[in-house]
């Protein structure tokens, strides 16, 4: 028992609960541009909401300085899909659930490790009761999808999972 206590006291264990795995000696900044909406169905506030959520994630979960250009890490892209489809039909033959989908195409460059560069699309979906007006729930649902996509991008770019 005493040996176990000594071993535990002598060991230093570090945990990072934000999931970031970054060598801050090599990478000190990340540059983000706005992700323009490039899809047929548009809800204008989505562009700003996405940019703010993405930049907040890196600012809060890492020590990286968030820049507009020339970062050690660079994220660019566009919102390529924002759509809604009927998800289920009720017994009266009308839509009971509507599904919203958002897709973002991302290009990532890592100046310290070019082998980590990628271009990939990230998507998220959510549903709402078709009896509700989209305008009444749109902001909340879009933010939920943005949060999901931002988590996916964060994990792919700086988390070593």
Inset, instruction - Determine whether segment 145-157 contains at least one residue that is surrounded by 14 or more Cβ atoms within 10 Å (Cβ to Cβ) and more than 11 Å from the chain's Cα centre (by Cα). - result: no
Inset, instruction - List the number of the failed condition for residue 57; all other conditions in (1) closer than 19 Å to residue 22 by Cα; (2) free of Cβ contacts under 8 Å to residues at least 40 places away in the same chain hold. - result: (2)
Inset, instruction - For residues that are loosely packed, with under 13 Cβ neighbours inside 10 Å and in a loop (DSSP other than H, G, I, E, B), scanning just segment 118-136, find the one that is farthest from the chain's Cα centre (by Cα). - result: 131
Legend entry - Within segment 98-154, tally of residues that are touching a strand residue (DSSP E or B) at 6+ places or on another chain (Cβ under 6 Å), free of Cβ contacts under 8 Å to residues at least 12 places away in the same chain and under 23 Å from residue 85 (Cβ atoms): 1
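Here is a check on your reading of the model: is residue 85 touching a strand residue (DSSP E or B) at 6+ places or on another chain (Cβ under 8 Å) and over 25 Å from residue 69 (Cα atoms)?
Numbers: touching a strand residue (DSSP E or B) at 6+ places or on another chain (Cβ under 8 Å): yes; over 25 Å from residue 69 (Cα atoms): yes.
Answer is yes for this residue.
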Legend entry - Complete set of residues in segment 62-99 that are in contact with a helix residue (DSSP H, G or I) (Cβ under 8 Å, 6 or more places away or on another chain), at pLDDT 95 or above and either assigned to a strand (DSSP E or B) or under 21 Å from residue 142 (Cβ atoms) (or both): 66, 73, 75, 79, 82
Legend entry - Filter pass, residue 18 being at pLDDT below 95, closer than 22 Å to residue 144 by Cα, touching a helix residue (DSSP H, G or I) at 6+ places or on another chain (Cβ under 8 Å) and loosely packed, with under 14 Cβ neighbours inside 10 Å: yes
Legend entry - Selection from segment 30-61 of residues that are crowded, with 17+ Cβ neighbours inside 10 Å and out of contact with any helix residue (DSSP H, G or I) (no Cβ under 8 Å at 6 or more places or on another chain): 31, 55
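The values are calculated or read from the model by the stated rules, or taken from the named source; none is laboratory data. Nothing here was measured: the structure is a model prediction, and the numbers come from that model. Please note: Cβ atoms are built from the backbone with ideal geometry, for glycine as well, and neighbour counts cover all protein chains shown.
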